[in-house]
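Step one of this worksheet: look at the structure below.
Taken together, the values in this text are just the output of simple stated rules run on the coordinates, not laboratory data. Bear in mind that the values here come from a model prediction, so they are computed numbers and not experimental data. Cβ: placed from backbone, ideal geometry, glycine included. Neighbour counts: every protein chain shown.
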Amino acid sequence: MRCPFCSHAETQVKDSRPTEDNSSIRRRRQCEACGARFTTFERIQLRELTVLKSEGRREPFEREKLERSIAIACRKRPVDGMRIEKLVTGIQRQLETLGEGEIPSTRIGEMVMDALQGLDSVAYIRFASVYKDFTDASDFEGFAGSIAEAARK
């Protein structure tokens with residue numbers, strides 16, 4: 001592992017332990033050249049995933065991008081970071097076990113919306129506003145109304 005401070009190629013693992021949700025290994029490392037300490041996380045990756053965008057472009061699946069978009073939707077909401085991490089891990093596992101190398105971005109978006117709907121209704125609406133490309137207030141009203149209607153049933 002290359003040191004992020006001095007770019008030296010040799011680092012030593014000082015401590016390894018599983019994360020709280022057992023989805024990854026947290027490793028504490030020390031650079032042999034400059035002595036700086038840093039933390040890395042090691043996750044299991046079952047398969048390489050490619051995201052098929054709506055305009056036909058293909059790009060590699062990025063867990064960090066998924067995590068960032070969910071975190072933005074949950075910003076200033078009473079949602080613990082660990083719950084976001086579990087949600088992202090769950091979605092990534094579902095994608096990896098689908099058996100498909102290429103996943104349409106719409107499928108990922110629907111999975112995120114399903115997960116957010118059960119987590120936080122405001123985060124759900126925030127994500128939906130970007131995912132469904134709301135253009136004006138009436139789009140929000142219609143979507144929020146459908147959520148309120150579903151909650152009454």
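Name the residues whose placed amide hydrogens come within less than 5 Å of the amide hydrogen of SER24, ignoring near sequence neighbours (fewer than 5 apart) on the same chain.
It is THR19, by chain and number.
If packing is taken as the mean number of other Cβ atoms within 10 Å per residue, what is the order of 55-66, 1-12, highest first?
1-12, 55-66
Amide H to amide H, which residues 5 or more places from PHE61 or on other chains are under 5 Å from it, using H placed in the peptide plane?
LEU49, THR50, VAL51
Among DSSP beta bridges lying fully in the chain, give the percent that are antiparallel, nearest 5.
About 85 percent, rounded to the nearest 5.
Pop out the Kirkwood hydrodynamic radius of the range 68-153 from its pairwise C-alpha distances, inverse of mean 1/r, in Å to one decimal.
Radius from the Kirkwood sum: 13.8 Å.
Build a GNM of the chain with springs between Cα atoms under 10 Å: which of SER138, SER121, SER23 gets the top mean-square fluctuation?
SER138
I want to verify a result. In a Gaussian network model of the chain, Cα cutoff 10 Å, which of these has the top mean-square fluctuation: SER24, SER54, SER129?
Maximum fluctuation in the GNM of the chain, among the listed residues, is at SER54.
What's the FRET efficiency of ALA144 with THR19 using the Cβ-Cβ distance as r and R₀ = 25 Å, to the nearest 0.05? The partial results should precede the final answer.
Working: r = 35 Å, r/R0 = 1.42.
Calculated value: 0.10.
Expressed as an acute angle from 0 to 90° and rounded to the nearest 10, what is the orientation of the C-alpha long axis of helix 121-131 relative to the principal long axis of the chain?
90
May I ask you to list the residues of the range 107-146 whose amide nitrogen lies under 15 Å from a point 7 Å from Cα along the Cα→beta-carbon direction of GLU100?
Under cut-off, by backbone N: 107-112.
Could you work out how far helix 63-74 tilts from the main Cα principal axis of the chain, as a 0 to 90 degree angle to the nearest 10?
Once rounded, the angle reads 50 degrees.
What relative contact order, as a whole-number percentage, does the range 33-153 give when Cα pairs under 8 Å and 6 or more residues apart are counted?
27
For the chain, can you list the cysteines whose C-beta has no other cysteine C-beta under 4.7 Å from it?
Those would be CYS74, since no other cysteine Cβ in the chain comes under 4.7 Å of theirs.
Under 10 Å, Cα contacts only: if you run a Gaussian network model on the chain, which one of GLN30, GLN92, GLN117 comes out with the highest mean-square fluctuation?
Greatest mean-square fluctuation among the candidates belongs to GLN30.
Which three numbers, in whole Å and largest first, are the semi-axes of the equivalent ellipsoid of the chain derived from its Cα gyration tensor as √(5λ)?
That gives 36, 18, 15 Å for the three semi-axes.
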